[in-house]
Structures are given as C-alpha cells and as structure tokens.
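Below is one structure, written out as structure tokens; the observations come after it.
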Amino acid sequence: MIKTMTFAILHFATAFGVAYILTGSIGISSAVALVEPLANTVVFYFHEQAWRRYEKI
C-alpha cells in the first residue's frame, strides 16, 4: 500500500510539474494534476477491455 501511495504522489507531482512548466499557472496545473489521473483511469479501463477482446481471438 505504501508503494501505491508513493507512486500516486509521484504521479500527481509529475502532472502538476509538467503542466506548471507549460502554463506557468498554479490553478491550471492543479486542475491538470487532479483530472489527468482520472482520465487515465477511464482510458486504462477501455484499454483492458480491448486487450481482453484481442486475447480471445
């Protein structure tokens, strides 16, 4: 569980850092750091579904 939590912190920090470098805005960077992991979770779900279908072929 600690490994998962530290990875999540790194993920949020990386998203925030990249967005801040690109925009210079703390507000936008914070929003990106919160929304990006959610979007990745949804994309990951559909990615897994596609692979399950592919593996059945």
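The values are calculated or read from the model by the stated rules, or taken from the named source; none is laboratory data. These figures come from a predicted structure and were not determined experimentally. These accessible areas exclude ligands, DNA and RNA; they are computed on the full protein's heavy atoms, side chains included. Shrake-Rupley method; radii C 1.70, N 1.55, O 1.52, S 1.80 Å.
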Q. Residue by residue through segment 48-57, which ³J(HN,Hα) values in whole Hz follow from phi under the Karplus form 6.51 cos²θ - 1.76 cosθ + 1.60 (θ = phi - 60°), with glycine and proline marked x?
A. 5, 4, 4, 5, 4, 5, 4, 5, 6, 6
Q.
Counting only protein heavy atoms and a 1.4 Å probe, tell me what percentage of segment 1-46's accessible area is made up of carbon and sulfur.
A. 82 percent
Q) Expressed as an acute angle from 0 to 90° and rounded to the nearest 10, what is the orientation of the C-alpha long axis of helix 2-23 relative to the principal long axis of the chain? A) 60 degrees
Q: Kindly give Rg over Rh for the chain, based on alpha-carbon atoms, with the Kirkwood expression for the hydrodynamic radius.
A: 1.16
Q: Output ³J(HN,Hα) for segment 27-43: one whole-Hz value per residue in order, computed from phi by the Karplus curve 6.51 cos²θ - 1.76 cosθ + 1.60 with θ = phi - 60°, and x for Gly and Pro.
A: x, 5, 4, 5, 4, 4, 4, 8, 7, 4, x, 5, 4, 4, 5, 5, 4
